[in-house]
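*Asks:* Next up is a structure, given as structure tokens.
The values are calculated or read from the model by the stated rules, or taken from the named source; none is laboratory data. In this text, all values refer to a predicted model and were calculated from it rather than measured experimentally. Reconstructed Cβ throughout: ideal geometry from the backbone, glycine too, with neighbour counts over all protein chains shown. In case anyone asks, the SASA skips ligands and DNA or RNA and just uses the protein heavy atoms, side chains included. Shrake-Rupley method; radii C 1.70, N 1.55, O 1.52, S 1.80 Å.
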Amino acid sequence: MESGLDRYLGPEGFLSDSALRKTIEHNPSQLSLMDEFGAFIAKIMDRRAGTHQSSIRQMLMQMFTSADSLYKGTASAAESAVPIYNPNFSVYGTSTPHDFWPSMSGKGISDGFLPRWLVLTITGDPADGIEPKASLEPPTKLIEDCRAIITHNGAGNLPDSASRPILRPRVADWGVGAKERWMELRLAFKRRGEACSPDLAALWTRTMEVALRVAHIVAIGVDPERPVLTRDLVDWAAKLMELSTRHCIVEVSDRLALNDKQAEYLKVRRWIKEAGSDGVTSSTLKKMVNGEFDLRRLNDITQQLLESKQIEQRFASTKTGGRPSHRWFAL
């Protein structure tokens, strides 16, 4: 609030593509903080959703690629398309993996929707009972630095109106060896995409494009007047995006299904995998099904997993001891 950047905070959600469009028309540079982000993704990815909701996904992708130019949008019978100059819309979403990944679909990978996101998976239990020792009040220098991003001679890409002419974005200068390093990493990630399965290859396509955007944000934070993309900064941003892509690959492989039967198959495999070195008994698996599908289907799935050598059954006990029993283990 103190820095004046609160005017760039947008709504926490959107009910339609029209609502999103009107919001960006009012102010093309906005950040939307979304809790329960999985529910938002489910709404716009659902194949049964109305056009006013499913079109949000397409609009987000188009604005992603139009931040340095003009977004014309799509006209409808109810309203004409108003050009939006320099749409600079960002989303910070939080969700549990159980809500987010089942909401995403294979189409979200192939059409480039998921590859446009920076996805970080947080593991472990939340830290409870820890009292903050530092003041929650932002330091004066942080406030001044944030304010400097939008007050340096109107430079940058934060227009206050969608109707102003296209603003040529201020691009950070390349440091020594930084551009060559970026091109080298872009080629390396492209080859990774070519080497993996076709359904996952798209996840590597925009890795360095998003990394360059992340590196710009940090460079501007370091020096709003003369931002510089250093070689170290390019390396750091590439590692961050590589972590994001690897997280996506793991989660997509474990959770993303094209149909209900595949979703059941992946769910059982994930339950066994998450049991870790302790394994899981057949009786525990039956309890975990909890009526989602019948037990005959569970037996069919475990047999398929066994035959494809993704799981095995051993007679073993847990790390804490106890009577040994037949347990399923992921391979």
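*Asks:* Given the structure, is Gly108 in contact (Cβ under 8 Å) with a residue 12 or more places away in the chain, within 14 Å of the chain's Cα centre (by Cα) and not in a loop (DSSP other than H, G, I, E, B)?
*Replies:* Yes, satisfied.
*Asks:* When you check Gln62 against the structure, is it within 23 Å of Leu31 (Cα to Cα) and either in a strand (DSSP E or B) or in contact (Cβ under 8 Å) with a residue 24 or more places away in the chain (or both), yes or no?
*Replies:* Here the answer is no, as Gln62 does not meet what is asked.
*Asks:* For the range 121-139, state whether one or more residues are surrounded by 12 or more Cβ atoms within 10 Å (Cβ to Cβ) and either under 14 Å from the mean Cα position of the chain (by Cα) or within 21 Å of Ala237 (Cα to Cα) (or both).
*Replies:* yes
*Asks:* Same structure again: Any chance the range 188-196 includes a residue that's in a loop (DSSP other than H, G, I, E, B) and either of a type in the set (A, V, I, L, M) or crowded, with 16+ Cβ neighbours inside 10 Å (or both)?
*Replies:* No, because not a single residue in the range 188-196 is in a loop (DSSP other than H, G, I, E, B) and either of a type in the set (A, V, I, L, M) or crowded, with 16+ Cβ neighbours inside 10 Å (or both).
*Asks:* Moving on to the next point. Can you tell me how many residues within the range 83-104 are open to solvent by less than 30 Å² (accessible area, probe 1.4 Å) and within 15 Å of Arg47 (Cα to Cα)?
*Replies:* Of the residues in the range 83-104, 2 are open to solvent by less than 30 Å² (accessible area, probe 1.4 Å) and within 15 Å of Arg47 (Cα to Cα).
*Asks:* Another question about this same structure. Go over the candidates Arg213, Arg186 one by one and state the one that is over 29 Å from Val280 (Cα atoms), basic (Lys, Arg) and in contact with a helix residue (DSSP H, G or I) (Cβ under 7 Å, 6 or more places away or on another chain).
*Replies:* Residue meeting the stated conditions: Arg186.
*Asks:* Could we say that Ser55 is open to solvent by less than 40 Å² (accessible area, probe 1.4 Å), farther than 18 Å from Ser95 by Cβ, among the polar types (S, T, N, Q) and in contact with a strand residue (DSSP E or B) (Cβ under 6 Å, 6 or more places away or on another chain) here?
*Replies:* no
*Asks:* From Asp35, Asp6, Asp17, which residue is out of contact with any strand residue (DSSP E or B) (no Cβ under 9 Å at 6 or more places or on another chain), surrounded by fewer than 17 Cβ atoms within 10 Å (Cβ to Cβ) and not small (Gly, Ala, Ser)?
*Replies:* From the options Asp35, Asp6, Asp17, the qualifying one is Asp6.
*Asks:* Could you tell me whether the range 311-327 includes any residue that is open to solvent by 50 Å² or more (accessible area, probe 1.4 Å), closer than 26 Å to Gln262 by Cβ and of a type outside the set (A, V, I, L, M)?
*Replies:* Yes.
*Asks:* If you don't mind, there's one more thing I want to ask. Only one of Ile166, Ile149 is under 21 Å from Val210 (Cα atoms), open to solvent by 40 Å² or more (accessible area, probe 1.4 Å), aliphatic (A, V, I, L, M) and at pLDDT below 80. Can you tell me which?
*Replies:* Ile149
*Asks:* Being touching a residue at least 60 places away in the same chain (Cβ under 8 Å) and part of a loop (DSSP other than H, G, I, E, B) is the filter here, so list the residues in the range 1-19 that pass it.
*Replies:* Glu2, Ser3, Gly4, Gly10
*Asks:* Having 2 or more residues that are within 28 Å of the chain's Cα centre (by Cα), without any contact (Cβ under 8 Å) to a residue 40 or more places away in the chain and under 30 Å from Cys146 (Cα atoms) is the bar; report the helices (runs of 4 or more DSSP H) wholly within the range 213-331 that clear it.
*Replies:* It comes to 231-255.
*Asks:* Is the range 111-120 home to any residue that is loosely packed, with under 13 Cβ neighbours inside 10 Å and within 30 Å of Arg170 (Cα to Cα)?
*Replies:* Yes, because at least one residue in the range 111-120 is loosely packed, with under 13 Cβ neighbours inside 10 Å and within 30 Å of Arg170 (Cα to Cα).
*Asks:* Looking at the structure I just gave you, is Pro159 modelled with pLDDT under 85, in a loop (DSSP other than H, G, I, E, B), in contact with a strand residue (DSSP E or B) (Cβ under 9 Å, 6 or more places away or on another chain) and surrounded by fewer than 12 Cβ atoms within 10 Å (Cβ to Cβ)?
*Replies:* no
*Asks:* Take Lys43 and tell me if it is free of Cβ contacts under 8 Å to residues at least 40 places away in the same chain, assigned to a helix (DSSP H, G or I) and charged (D, E, K, R).
*Replies:* Judged against the criteria, Lys43 is a match.
*Asks:* Okay, next question. Here's a check for you: in the range 203-212, which residue that is in contact (Cβ under 8 Å) with a residue 40 or more places away in the chain and out of contact with any Ser or Thr (no Cβ under 7 Å at 6 or more places or on another chain) is least open to solvent (accessible area, probe 1.4 Å)?
*Replies:* Ranking the candidates gives Val210 first.
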